[in-house]
Amino acid sequence: MHSQENPIEQKRIVRTTIPGPHSLELEKHREANCAQALKPGLPAYIVSGDGAILVDADDNQLIDFASGIGVTNVGNRNPQVNKAIKEAADHFTHTCFLNVPYQGFVDVCEKLNAIAPGASEKHSALFSTGAEAIENAIKIARNYTGKNRVVVFDRAFHGRTNLTMSMTAKHKPYKAGFGRLAGDVYRIAGSYPLRDQLSGEEAAEKSIRHIEQNIGTEDLACIVIEPIQGEGGFVVPAPGFLPTLQKWCKDNDVLFILDEIQAGIARTGQWFASNHEELEPDLITIAKGVGGGMPLSAVTGTKEVMDAPGPGSLGGTYAGNPIACAAALATLSYIEDHQLLERATAIEGIIREELEPLLEADMVAEIRGRGAMIALEFSTASGAPDPERTAAIAAHCRSQGVIALTCGMDGNVIRLLPPLVIEEDLLRDGLNVLRDGITKTFSN
């Protein structure tokens, strides 16, 4: 087993088929003991990880282009984060902040307030998961406005609880068979430049017209939107879409909430994707990358809005666990100390350099995203979504030791979420595998 003093070489090594025999035995154990809803997309069981490499039970070294779905932004087993976790655990492992508080919780809130977009005074609340953050953002918005309705968008993903499942667009596998959905949630079309060919302002006016004609503002508490959609296909709204929506929200006493759970914490080359268009949301939801691998989430927003709910009305048993808070402080410090905002931008440049020639060869419909959050969309010759080709490309990557996830409502998008600490040679190696997989599907 590798130790922190004996790190894993940042190199792709394929020793067996993937998954190999040991992983396949472990998969039989899962089938015998775990709920079948928890079926892994790639049953290569991980025994160790370091930086951008994961080692499976058969000693294959896999390039991680998923980062635990955007969690390990500072790399797997980051030494600074690990040290903070161990030191925190040596002091105490848990006490509910609402009962007996601790400084780490306050320090994380202070740091999030400082890096959140905009100049307004901010307050924060900590939770455990992204879905919890979304649920609490809705509670805060309803409490502050005295209104109930929530507007969400096509292709949105906000979580798997009853409310966040209702806010999520995709029916299967997220909503099918799970009973009645939460009320007062309304879905509208957003901006998808590749498909709608609209400017940001045009797409926003279309969305606003739908709200005004079909939903109204009298009981509309908030609009919730991902500045770059995650599960929905890494769709980046056309420039001007989000600012136009935000202005309308302000003019109509509707809160503007940005779900930055996947796009935030340096992933796009800024602390938050909101920064790219100089947006200051009323509330912003944070999770995934903030904990460096530990479960932590947050809602950060303007002081006036955040302070609307009374004492004791927000929280949770594990909300802002002290070990997770220590990990978060180390993560945020590591990002600053190692210039990972700039590194995310450099990663985007490398990805585009390696893959944009495929656009000219008409093998990819679009390459989009920001920083280390980049997607490739695949279409047939007629322009229809091509999930079969996409699945074949992802399967090729997995067989060659590269973990690349698919996404999009039609399953025709490959998403790239490498750790921000990935070494350039390793990044290019993984991209070469991806490119080979793409060209292979066109030659067959």
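The values are calculated or read from the model by the stated rules, or taken from the named source; none is laboratory data. No experiment lies behind these values; they were computed from the predicted model shown. Here the Cβ is made from the backbone with ideal geometry for all residues, glycine too, and neighbour counts use every protein chain on show.
Numerical summary
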| read-out | value |
| --- | --- |
| Condition met for Phe105 (among the aromatic types (Phe, Trp, Tyr), crowded, with 16+ Cβ neighbours inside 10 Å and outside any loop (DSSP other than H, G, I, E, B)) | yes |
| Only one of Thr164, Thr145 that is within 24 Å of the chain's Cα centre (by Cα), of a type in the set (Ser, Thr, Tyr) and either surrounded by 23 or more Cβ atoms within 10 Å (Cβ to Cβ) or over 24 Å from Ala238 (Cβ atoms) (or both) | Thr164 |
| Region 255-304 - residue that is among the aliphatic types (A, V, I, L, M) and surrounded by fewer than 24 Cβ atoms within 10 Å (Cβ to Cβ) and, of those, farthest from Val81 (Cα to Cα) | Leu279 |
| Which listed residue is closer than 15 Å to Gly75 by Cα and not assigned by TED's automatic domain parsing to the domain that holds Gly68, from Gly316, Gly320, Gly291, Gly312 | Gly291 |
| Identity of the residue in region 200-232, in a loop (DSSP other than H, G, I, E, B) and in contact with a Phe, Trp or Tyr (Cβ under 8 Å, 6 or more places away or on another chain), that ends up surrounded by the most Cβ atoms within 10 Å (Cβ to Cβ) | Gln229 |
| Out of Arg160, Arg209, Arg149, Arg155, sole residue that is under 20 Å from Pro385 (Cβ atoms), at pLDDT 95 or above and either in the same structural domain as Lys288 (by TED's automatic domain parsing) or touching a helix residue (DSSP H, G or I) at 6+ places or on another chain (Cβ under 9 Å) (or both) | Arg155 |
| Single unsatisfied condition, Glu360 versus (1) at pLDDT 95 or above; (2) farther than 29 Å from Gly159 by Cα | (1) |
| Any pair with Cβ under 6 angstrom, 6 or more apart, that starts in region 237-249 at a residue that is hydroxyl-bearing (Ser, Thr, Tyr) and ends at one that is in a helix (DSSP H, G or I) | Thr244/Glu201; Thr244/Ala204 |
| Residue selected from region 386-404 under the condition of a type outside the set (Ser, Thr, Tyr) and crowded, with 21+ Cβ neighbours inside 10 Å, by the criterion farthest from Val14 (Cα to Cα) | Asp386 |
| Scan of region 326-346 for residues that are charged (D, E, K, R) and farther than 16 Å from Thr268 by Cα, ordered by number | Asp337 |
| Within region 124-139, considering residues that are assigned to a helix (DSSP H, G or I) and either farther than 24 Å from Ser207 by Cα or free of Cβ contacts under 8 Å to residues at least 60 places away in the same chain (or both), the one nearest to the chain's Cα centre (by Cα) | Gly130 |
| Residue check, Gly312 in contact (Cβ under 8 Å) with a residue 60 or more places away in the chain, of a type in the set (Gly, Ala, Ser) and closer than 21 Å to Gly159 by Cα | no |
| Hey, Gly68 assigned by TED's automatic domain parsing to the domain that holds Pro418 and modelled with pLDDT under 95 or not | no |
| Odd one out for Val100, checked against (1) touching a helix residue (DSSP H, G or I) at 6+ places or on another chain (Cβ under 6 Å); (2) closer than 27 Å to Leu314 by Cα | (1) |
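Matching residues to (1) basic (Lys, Arg); (2) in contact with a His (Cβ under 9 Å, 6 or more places away or on another chain); (3) within 28 Å of Ala156 (Cα to Cα):
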site	(1), (2), (3)
Asp90	no, no, no
Thr95	no, no, no
Leu98	no, no, no
Asp107	no, no, no
Glu110	no, no, no
Ile115	no, no, yes
His123	no, no, yes
Thr129	no, no, yes
Ile134	no, yes, yes
